[in-house]
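Down below is the structure, laid out as structure tokens.
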């Protein structure tokens, strides 16, 4: 069965999440993705270790559908290998600072000297323009500088999200840009640079609140889990845990007051619309907590579902893995010397006629080095010599 990016070769020089996951998304669509990492494995291979050799949990997710070539690109022989690979490539993914790209010969000008059709997908903390362009940063920096952390947490303490949503948003944005660049190349015959940044991704997610602040100057402050523009929309305690319920719009509110036996609130000016209900959210949340206290989380969610009110249980990671709906979205991936398959979430979207899929587990360090080098013309003797010289 044909795949969307079948025949497209991607060289992945990415680190941590934003670059590698961009390349993984392209791999889900059928691209031949070659991860190029230092001999012995790049540093991002060992974040959140789950194996004796230090291989980390996130590595299984963001490096699926790839082959691994171990390489020292700082030595002349290594640079020649990179050049030979670039000649065969359609896309180079490298979320590295601009000076590093230049020093490695991975800036767009250097790449186009070798192959004018190649597309460079890159990401940095702040982008290539502006006063912070030379600074480095991680996911959390984008969160705190976008306004979202200021709005999250309890009144006396801001709270960043420990799940790195900015990294994954940046990866997704770069993959989207890369697909657009591939389409543009079909028209122009020339590759271009796709540039993302952590701050731009974070600002994109929080943009609604920025627009609102600019126009209305509301100076919103933290209010825990209660929504700014709806109610009840909060996390509530049940007999055995916690649930989130979200009531947005008058139709949902009518169903909710019927469920909790508060129909008189339909004529109460305090609750006439979403904004009013948000202002009086403490009163509404108190009533919902009172109602939830009589039920287990499962019972409460079932009753809310019958009333067509969105709700979900606050699940621990262990409970997430056991959830029957979640299990339909996991693709267990075996890995050498891993005691059990890694529970990797499948591709984030599905296509009916050109399916996205896992066809290759994350690679061990340098697992496909010989195979890839043979494809670009190196013979067995040359490969042995390169290994002896610690080039690969």
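The values are calculated or read from the model by the stated rules, or taken from the named source; none is laboratory data. These figures come from a predicted structure and were not determined experimentally. Using ideal geometry, Cβ is built from the backbone for each residue, glycine included, and neighbour counts are taken over all protein chains shown.
Data for the structure
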quantity: Test: residue in region 220-232 that is more than 25 Å from residue 157 (Cβ to Cβ) and either under 25 Å from the mean Cα position of the chain (by Cα) or buried (at least 17 other Cβ atoms within 10 Å of the Cβ) (or both); calculated: no
quantity: Residues satisfying the stated conditions in region 145-158, i.e. without any contact (Cβ under 8 Å) to a residue 24 or more places away in the chain and either surrounded by 15 or more Cβ atoms within 10 Å (Cβ to Cβ) or under 30 Å from residue 83 (Cβ atoms) (or both); calculated: 149
quantity: Evaluation of residue 359 against (1) surrounded by 14 or more Cβ atoms within 10 Å (Cβ to Cβ); (2) within 31 Å of the chain's Cα centre (by Cα); (3) in contact (Cβ under 8 Å) with a residue 40 or more places away in the chain (one fails), failing number; calculated: (1)
quantity: Filter result (in contact with a helix residue (DSSP H, G or I) (Cβ under 7 Å, 6 or more places away or on another chain) and farther than 23 Å from residue 27 by Cβ) within region 317-358; calculated: 320
quantity: Residues satisfying the stated conditions in region 359-375, i.e. assigned to a loop (DSSP other than H, G, I, E, B), touching a helix residue (DSSP H, G or I) at 6+ places or on another chain (Cβ under 9 Å) and either closer than 22 Å to residue 40 by Cβ or not assigned by TED's automatic domain parsing to the domain that holds residue 85 (or both); calculated: 360, 361, 362, 365
quantity: Tally, over region 82-92, of residues that are in a helix (DSSP H, G or I) and touching a strand residue (DSSP E or B) at 6+ places or on another chain (Cβ under 8 Å); calculated: 4
quantity: Unmet criterion (only one of (1) more than 29 Å from residue 305 (Cα to Cα); (2) part of a loop (DSSP other than H, G, I, E, B); (3) within 25 Å of the chain's Cα centre (by Cα)) for residue 190; calculated: (3)
quantity: Enumeration of residues in region 316-337 that are surrounded by fewer than 16 Cβ atoms within 10 Å (Cβ to Cβ) and assigned to a loop (DSSP other than H, G, I, E, B); calculated: 316, 323, 328, 329, 334, 336, 337
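Residues checked against (1) part of a helix (DSSP H, G or I); (2) within 22 Å of the chain's Cα centre (by Cα); (3) surrounded by fewer than 24 Cβ atoms within 10 Å (Cβ to Cβ); (4) at pLDDT below 95:
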| position | (1), (2), (3), (4) |
| --- | --- |
| 7 | no, no, yes, no |
| 15 | no, yes, yes, yes |
| 19 | yes, yes, no, no |
| 24 | yes, yes, no, no |
| 35 | no, yes, no, no |
| 40 | no, no, yes, yes |
| 53 | no, no, yes, yes |
| 67 | no, yes, yes, no |
| 74 | no, no, yes, yes |
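To keep it simple, each residue is scored yes or no on (1) without any contact (Cβ under 8 Å) to a residue 24 or more places away in the chain; (2) within 17 Å of residue 36 (Cβ to Cβ); (3) outside any strand (DSSP E or B); (4) touching a strand residue (DSSP E or B) at 6+ places or on another chain (Cβ under 8 Å).
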{"residue": "64", "(1), (2), (3), (4)": "no, yes, yes, yes"}
{"residue": "96", "(1), (2), (3), (4)": "no, yes, yes, yes"}
{"residue": "112", "(1), (2), (3), (4)": "no, no, yes, no"}
{"residue": "126", "(1), (2), (3), (4)": "no, no, yes, yes"}
{"residue": "135", "(1), (2), (3), (4)": "yes, no, yes, no"}
